[in-house]
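Here's the structure, in structure tokens; my notes come after.
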Amino acid sequence: MAKKSPSPFGFYFSYLDKVDKGVKDTEEFGSMLILGMVEELGEMSRAYLAKHGRKPRNIAAQQDEAYERELGDILVSILRLARIKDINLHEALMYSLQKIERRKNNPKK
């Protein structure tokens, strides 16, 4: 069996262990995290499009959220889900980065 590589996300996982104490082991916590992630992605999309995209006149979205802060919320949602599902994010990220590299080096024709 291959040894798992260490995760550089340990600090964040420890921090979240304190924040999520008492709820992280509940049956519905994963579902809440997925729904929260979708919500945060929608907020980031709205803020980004208000500033850079299709809805530049959406002043309310520009004032409500900055897409940079919303991106942080999405990352926290991902960290929380990875922690409760015991997913090694470093390995997951490396897999995705290598997949992008393979596609770049061997494009489909």
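The numbers here are math on the coordinates, done by the rules we state, and not lab data. Only a predicted model underlies this, so the values are computations on that prediction, with no experimental measurement involved. As a convention, Cβ positions derive from the backbone with ideal geometry for all residues, glycine included, and neighbour counts pool all protein chains shown.
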Self-check item: J(HN,Hα) series, the stretch 26-39, from Karplus relation 6.51 cos²θ - 1.76 cosθ + 1.60, nearest Hz, glycine and proline x
Solution: 6, 4, 8, 4, x, 5, 4, 5, 4, 4, x, 5, 5, 4
Practice problem: Compare the peptides 38-44, 17-23 by average per-residue count of other Cβ atoms within 10 angstrom and give them in order, highest first. | Solution: 38-44, 17-23
Practice problem: Please turn the phi angles of the stretch 89-97 into ³J(HN,Hα) values with the Karplus equation 6.51 cos²θ - 1.76 cosθ + 1.60 (θ = phi - 60°), one per residue in order, whole Hz, x for glycine and proline. | Solution: 5, 4, 5, 5, 5, 5, 4, 5, 5
Self-check item: Around Asp17: net Lys/Arg minus Asp/Glu count, Cβ-Cβ under 9 Å
Solution: +3
